[in-house]
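Q: First, the structure itself, so that you have it in front of you.
The values are calculated or read from the model by the stated rules, or taken from the named source; none is laboratory data. Remember, it's a predicted structure, so these values are computed and weren't measured experimentally. Here Cβ is always computed from backbone atoms with ideal geometry, including for glycine, and neighbour counts include all displayed protein chains. Heavy atoms of the whole protein, side chains included, go into the accessibility calculation; ligands, DNA and RNA do not. Shrake-Rupley method; radii C 1.70, N 1.55, O 1.52, S 1.80 Å.
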Amino acid sequence: MKLIQALLLCSIASSAYAAEDRIGFATHFERGWNPDSVMPMIADSGVGWIRDECSWGKCELSKGVYQVPAVQQHWLDVAQANGLKVVVVLNPNYLYADPYDPVAASNFCAWLAKTEGSKIGAIEVGNENNNLYASLEDPGWKAKYVVLLNSIYAAVKASSPSTSVIGTGSQGGSELSLLAMGIQADGVTYSPYPAGNANPPETVNQPPYTQYVSWVQALRVATTLPLWETQWGIPTYDAISEYNQAMFDARRVLESLGLGIAHTFIKDAKDENNVTTSPTSMYGALRASLDPKQSYFVMQRLTGALTDAEATGTGVQVNPGGSVANFDYANFRGYVFQDTVNHRTVAAVWIGNAPTDVVNDVSYLGQITFNVPFHQNSIILDPITGETVRVSSYKYSETAGQFTIYNFPVTSSPKIIIMK
């Protein structure tokens, strides 16, 4: 039966573990990860990007003299060989009185982009700039940061037009204020972590915003630039199980792509060590031994289902359909994606704002309806377990391009309906 399910999924999904350009992993090759063993595992997850540090201080030991260290060059080469695009995060260089000297940083980034070419897809100007950058540049750090970002953007575009420059990377109201200060960039960055590891993925810690959807809406009011979510996730630490992490990642990725986020990066590709003494070291989709956690397999299923499928902006409609009269409309999530390349429709449904540790939670029976221009074969995929069933297991109807499934169980565990 599992072989039949796997063959059915592969026949309807876009492709088996194809590179999904909107999803990436945060990595730490600059801190000593082995790219030769880790990079192929990242590529096999189906994601299209990695995000790592750029040690400006190691590349420019004397002012104006640049050289990428062999270790950094190696992991950049291995990333390209594995079909992965790279975001490098600009770190400070304490060779300069101002570690983020705008002229020096612009000259370095322009050189780096031109030298590495397609091996670097984007340069991110600082990480969580309301923290380290603000501590180095206060008072007036926001105005200084805008000068830095705009200077790097102009310099990089002059030397390597295809290299993206992204930035802001602040939090909540601070991020929104930066967006109102005339930035020039190819995208804006932020880290949409939850307030706590036990919080559901539909929440964020972006004061005053606590709901992920509301936060994205606020960003969209503030800017028309593409949104880059540079790192988020929860660790498998203490009471947070692999199931919790897998559920969190699945729901957040589905919502992120459903809202049309340009790029979203999960923290991290792998754990830092085998000792469960620190939550900061246990965010990985892979253990330190490179054995996959549950979230790694979830990522393979999501990338297989969603590659080439773009959010339509028109959601799934739902009406109560059975035994539960008080359907949770407020927290219902339903996103529809269309893949015009492979002639597929993909829909994802679940109940949001529920804990990620609920295995057997309330099942709301709903009548779900969505637009389906493509439909011959169809399955329902559980991205958490990998189990599939045919849509024909449920009563359904199709009228004028609208597909309706009756008495469909909607829970906190997402289900993906793939139609081709």
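Q: Can you list residues whose amide H is under 5 Å from Gln211's amide H, if they're 5+ apart or on another chain and H is modeled 1.01 Å from N?
A: So Gln211 has HN proximity to Val204.
Q: So the label point goes 7 Å from the Cα of Asp21 along Cα→C-beta, right? Which residues of the stretch 72-93 then have their backbone N under 16 Å from it?
A: Flagged as within label range: 83-87.
Q: How much length is gained if the chain between Ser363 and Asn407 is pulled fully straight, taking 0.36 nm per residue apart and subtracting their Cα-Cα distance, in nm to one decimal?
A: Length gained between Ser363 and Asn407: 14.8 nm.
Q: Something else now. Which lysines have a Cα lying under 20 Å from the Cα of Lys63, excluding residues fewer than 8 positions away in the same chain?
A: Cα-Cα hits under 20 Å: Lys114.
Q: Using a cut-off of under 16 Å, list every residue of the stretch 357-376 whose amide N is near the label point 7 Å from the Cα of Thr385 along the Cα-to-beta-carbon line.
A: In the stretch 357-376, the label zone of Thr385 (backbone N under 16 Å from the point 7 Å along Cα→Cβ) covers 357-364.
Q: Still on this structure, I have one more. Using only Cα atoms, tell me the angle between helix 35-44 and the longest principal axis of the chain; keep it within 0 to 90° and round to the nearest 10.
A: Relative to the chain, helix 35-44 is tipped by roughly 30 degrees.
Q: Report, by chain and number, residues whose modeled amide H sits under 5 Å from the one on Ala262, excluding near sequence neighbours (fewer than 5 apart, same chain).
A: Leu227
Q: Hey, which aspartates and glutamates would be in cross-link range of Lys157, C-alpha to C-alpha under 15 Å, not counting anything within fewer than 8 residues on its own chain?
A: Partners within reach: Glu116, Glu124, Asp186.
Q: Additional query: If contacts are Cα pairs under 8 angstrom and at least 6 residues apart, what is the relative contact order of the stretch 256-394 in percent?
A: Relative contact order here is 20 percent.
Q: On to the next question. Determine ³J(HN,Hα), in whole Hz, for all residues of the stretch 177-185 in sequence, where each value follows from phi through the Karplus function 6.51 cos²θ - 1.76 cosθ + 1.60 and θ = phi - 60°; x replaces Gly and Pro.
A: Rounded to whole hertz, the list is 5, 4, 5, 8, 10, x, 6, 10, 6.
Q: Which order do His74, His375, His28, His343 take when ranked by solvent-accessible area (1.4 Å probe, heavy atoms of all protein chains), largest first?
A: His343, His74, His375, His28
Q: So, one more: Please work out which option in (1) 33, 26, 23; (2) 36, 27, 24; (3) 39, 22, 20 gives semi-axes √(5λ) of the Cα gyration tensor in Å calculated from these coordinates, and answer with its label.
A: Label (3) holds the value from this structure.
Q: Once each part is reduced to its C-alpha centroid, what is the distance from the stretch 360-406 to the stretch 276-313 in angstrom?
A: 24 Å
Q: Ordering Phe370, Phe332 by accessible area with a probe of 1.4 Å, largest first, what comes out?
A: Phe332, Phe370
Q: Further, regarding this structure: Relative contact order for the chain: what is it in percent, counting Cα pairs under 8 Å that are at least 6 residues apart?
A: It rounds to 15 percent for the chain.
Q: Step through the residues of the stretch 391-406 one at a time and calculate ³J(HN,Hα) from phi using the Karplus curve (6.51 cos²θ - 1.76 cosθ + 1.60, θ = phi - 60°), rounding each to whole Hz and writing x for Gly and Pro.
A: 4, 5, 5, 10, 5, 8, 9, 9, 9, 6, x, 10, 10, 10, 10, 9
Q: Moving on to the next point. Can you compute 3J(HN,Hα) from phi for each residue in the stretch 226-232, using the Karplus curve 6.51 cos²θ - 1.76 cosθ + 1.60 with θ = phi - 60°, rounded to whole Hz and x for Gly and Pro?
A: So the Karplus estimates, Gly and Pro as x, are x, 9, 10, 8, 7, 5, 6 Hz.
Q: Could you name the lysines whose alpha carbon sits less than 30 Å from that of Lys415, not counting residues in the same chain fewer than 8 places away?
A: Reachable lysines: Lys2, Lys85, Lys267, Lys270, Lys293, Lys395.
Q: Quick check: the angle from helix 70-81's long axis to the longest principal axis of the chain, C-alpha only, nearest 10 degrees?
A: Orientation of helix 70-81: about 30 degrees from the principal axis.
Q: Relative contact order, percent, of the stretch 211-337 when contacts are C-alpha pairs under 8 Å separated by at least 6 residues?
A: 23 percent
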